[in-house]
Amino acid sequence: MNKGGTLDFMNSVLIVGSGGREHAILKAMLRSDRPLCFFAYPGNPGMEQDGCMLVDRKVTDFKDLADWANQNDIDLTIVGPETPLAEGIVDVFRENGLTIFGPAKRAAELESSKQFSKGLMKKYGIPTARYEAFTTKDAALEYLHKVGVPIVIKASGLAAGKGVVVCDTMEQAQKALNDMFDNRVFGAAADSVIMEEKMTGEEASIFVLSDGKNFRILPAAQDHKAVGDGDTGPNTGGMGAYAPAPLVTKDILHRVEQEIIVPVLDAMREEDRTYRGLLYCGIMLTDDGPKVVEFNCRFGDPETQAVLPLVKCDWYEIFKACAEGDLHPGLQFEIDRGYCVSVILASKGYPGNYEKGKFITGIEDVEHSHSNIDVYHSGTVLDEDDRLLTNGGRVCAVTAWSDNLADAIADAYLVVGDVHFEGKYFRKDIGAKGLARLHRESSMVSN
Ligand code: AMP
Ligand code: GLY
């Protein structure tokens, strides 16, 4: 045994984060044959049920967590959420001799500063919406009156996914500027404000594993951001996802690779911000081709839940290779030809006010009785009697995979009814857009 109490032949992994994305990363790593010992900070009850130990002491800062990781012989740390990446967790871990998957602070600015990422795209000719950046409301208003609506107004910094307002009227645009500059609803994240051309087209999320130079592209996913069926109602963190999205054809993926992925990784190296980790390319497929809506510096949630079950590899090896700058072509990395669908079960009222503390039943039964179903926890907690309760807006993600999209959708929705909690809400059309496209394509072929 070593200091941390783990067996010497086992490598130890620390996962930072507590959502469905982090639970999906854990389950994906558990699918490989490699014996691993898992820790999570802070983790969630689902991760704990899967054998992951939660770091059970208060952590004061990244240095403190790095000290804990060194004391417990952690071989690899994987960071889920954007905030620790933007705040420099990777830099602190590396300075303390640890191997960590994720971009360094200066590279994470691709997400944490839209002013930086838009500037980079402009400088290197990467397709995206035309834009201007403003630090005063007067200058922003002057520009608004010059270009008019529609326009998209964005806080440059991190705003928990809420800092983007798509404005179709002058009133909406003026209100967005008031909120950002005067009412400071996004605080310092809106010290700089981006105003950009509104693009139209369907969106897709394309994940790229990068060691700085070499990369692997994961199956393209489609998120469902609006709370209601048919993309109606307010935006949420994402109500479900499926992959691969047939919208992203081979040709489109080739264009995304050549026009976006290769240039941005090259540009980051050129700017001395080598990008190691997961690069999330939020793409809109416009009439002029694929354009970048945003870059994120981490896996998406809930897309990760729908993407990782489709990949066969030794994730420990892949994450470590990215972290160490050696994602060489010899590493086994196979994309399944099937489909995966992940349906979020949310608390009634989300994304507005919702109640917490409702008993959850059925998750373990669902997983035990189906080999093609996972349920990833996000907003869950255990009470003092170890009963599972809701503890967030997005409670869990019921995920099914199959050879074809129709079966994956049907399997996911079959078991959604077997997970119970008061006020359970879910969209009923996750994956439907993809299925409709596949049907259109097959009827075009047969006609
Ligand atoms: P972001 O956080 O930048 O991805 O923006 C959130 C959402 O706002 C995107 O997923 C799009 O649906 C929408 N959006 C952002 N930028 C634009 C744009 N330039 N044109 C149209 N929609 C946009
Ligand atoms: N699903 C959107 C995101 O993770 O940013």
Study note, to complete from the structure: Conditions (1) among the β-branched types (V, I, T); (2) more than 16 Å from ligand 2 (Cβ to nearest atom); (3) open to solvent by less than 10 Å² (accessible area, probe 1.4 Å); (4) in contact with a Gly (Cβ under 8 Å, 6 or more places away or on another chain) -> V292 fails only (2)
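What residue, of K137, K118, K123, K114, is within 16 Å of ligand 2 (Cβ to nearest atom) and either in contact (Cβ under 8 Å) with a residue 24 or more places away in the chain or under 30 Å from I318 (Cα atoms) (or both)?
It is K114.
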Point to revise | Out of L85, L65, sole residue that is under 26 Å from D314 (Cβ atoms) and touching a helix residue (DSSP H, G or I) at 6+ places or on another chain (Cβ under 6 Å) | key: L85
Exercise for review: Name every residue in segment 128-144 that is within 16 Å of ligand 1 (Cβ to nearest atom) and open to solvent by 30 Å² or more (accessible area, probe 1.4 Å), in order of residue number.
Suggested key: R130, Y131, E132, A133, Y143
Practice item. Sort through L331, L345 and tell me the only one that's without any contact (Cβ under 8 Å) to a residue 24 or more places away in the chain and either surrounded by 22 or more Cβ atoms within 10 Å (Cβ to Cβ) or part of a loop (DSSP other than H, G, I, E, B) (or both). Key: L331
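Looking only at segment 155-180, which residues are outside any loop (DSSP other than H, G, I, E, B) and surrounded by fewer than 20 Cβ atoms within 10 Å (Cβ to Cβ)? Step through it out loud before you land on a result.
So the first thing to find is which residues in segment 155-180 are outside any loop (DSSP other than H, G, I, E, B), and the list is 155, 164-167, 170-180.
Within segment 155-180, V164, V165, V166, M170, E171, Q172, Q174, K175, N178, D179 meet the criteria.
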**Study point:** Residue selected from segment 145-154 under the condition more than 15 Å from V185 (Cβ to Cβ) and not basic (K, R), by the criterion surrounded by the most Cβ atoms within 10 Å (Cβ to Cβ)
**Key:** I151
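Would you confirm whether or not segment 310-328 contains a residue that is of a type in the set (D, E), more than 22 Å from R31 (Cα to Cα), surrounded by fewer than 21 Cβ atoms within 10 Å (Cβ to Cβ) and touching a residue at least 40 places away in the same chain (Cβ under 8 Å)?
Of the residues in segment 310-328, the ones of a type in the set (D, E) are 314, 317, 324, 326.
When the remaining residues are screened for being more than 22 Å from R31 (Cα to Cα), the result is 324, 326.
Subset that is surrounded by fewer than 21 Cβ atoms within 10 Å (Cβ to Cβ): 324, 326.
Then keep just the ones that are touching a residue at least 40 places away in the same chain (Cβ under 8 Å); that gives 324, 326.
For segment 310-328, residues of a type in the set (D, E), more than 22 Å from R31 (Cα to Cα), surrounded by fewer than 21 Cβ atoms within 10 Å (Cβ to Cβ) and touching a residue at least 40 places away in the same chain (Cβ under 8 Å): present.
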Exercise for review: Would you mention how many residues in segment 262-272 are more than 16 Å from ligand 1 (Cβ to nearest atom) and open to solvent by less than 40 Å² (accessible area, probe 1.4 Å)?
Suggested key: 4
Check your understanding: Within the bounds of segment 104-123, is there any residue that is within 13 Å of ligand 1 (Cβ to nearest atom) and more than 22 Å from the chain's Cα centre (by Cα)?
Key -> no
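A quick yes/no check of all residues on (1) crowded, with 21+ Cβ neighbours inside 10 Å; (2) out of contact with any helix residue (DSSP H, G or I) (no Cβ under 6 Å at 6 or more places or on another chain); (3) free of Cβ contacts under 8 Å to residues at least 40 places away in the same chain:
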| position | (1), (2), (3) |
| --- | --- |
| E203 | no, yes, no |
| N214 | no, yes, no |
| D231 | no, yes, yes |
| P244 | yes, yes, no |
| D287 | no, yes, no |
Point to revise | Residue in segment 279-293 that is under 14 Å from the mean Cα position of the chain (by Cα), within 13 Å of ligand 1 (Cβ to nearest atom) and of a type outside the set (A, V, I, L, M, F, W, C) present | key: yes
Study note, to complete from the structure: Of Y339, Y350, the only residue that is open to solvent by less than 70 Å² (accessible area, probe 1.4 Å), closer than 28 Å to G102 by Cα and at pLDDT 95 or above is Y339
Practice item. Looking only at segment 403-416, decide whether some residue is closer than 23 Å to K348 by Cβ and assigned to a strand (DSSP E or B). Key: no
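Being modelled with pLDDT of 95 or more, in contact with a helix residue (DSSP H, G or I) (Cβ under 6 Å, 6 or more places away or on another chain) and open to solvent by less than 50 Å² (accessible area, probe 1.4 Å): is that true of D374 here?
Judged against the criteria, D374 is a match.
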Practice item. Could you identify the single residue in N44, N96 that is surrounded by fewer than 16 Cβ atoms within 10 Å (Cβ to Cβ), in contact (Cβ under 8 Å) with a residue 24 or more places away in the chain and not small (G, A, S)? Key: N96
**Study point:** Considering residues of segment 181-201 that are crowded, with 22+ Cβ neighbours inside 10 Å and free of Cβ contacts under 8 Å to residues at least 40 places away in the same chain only, the residue nearest to ligand 2 (Cβ to nearest atom)
**Key:** A189
Exercise for review: Those residues that are in contact (Cβ under 8 Å) with a residue 24 or more places away in the chain, in a loop (DSSP other than H, G, I, E, B) and under 25 Å from S32 (Cα atoms), I need them from segment 348-373; list them, please.
Suggested key: H370, N372
Review point. Is there any pair linking a residue in segment 376-389 that is touching a residue at least 12 places away in the same chain (Cβ under 8 Å) and assigned to a strand (DSSP E or B) to one that is hydroxyl-bearing (S, T, Y) and open to solvent by 30 Å² or more (accessible area, probe 1.4 Å), with Cβ under 8 Å and at least six apart or on different chains, and which?
Key: L388/T361
Review point. So which residues in segment 8-41 are open to solvent by 10 Å² or more (accessible area, probe 1.4 Å) and closer than 14 Å to L308 by Cβ, if there are any at all?
Key: G19, R21, K27, L30, R31, S32
Review point. Of all the residues that make up segment 302-318, how many are of a type in the set (D, E), closer than 25 Å to A408 by Cβ and away from ligand 1 (no atom under 13 Å from the Cβ)?
Key: 1
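The values are calculated or read from the model by the stated rules, or taken from the named source; none is laboratory data. Since the model is a prediction, treat every value here as computed from it, not as a measurement. Methodologically, a virtual Cβ is constructed for each residue, glycine included, from the backbone with ideal geometry; neighbour enumeration extends over all protein chains shown. All accessible areas refer to the heavy atoms of the entire protein, side chains included, with ligands and DNA or RNA removed. Shrake-Rupley method; radii C 1.70, N 1.55, O 1.52, S 1.80 Å.
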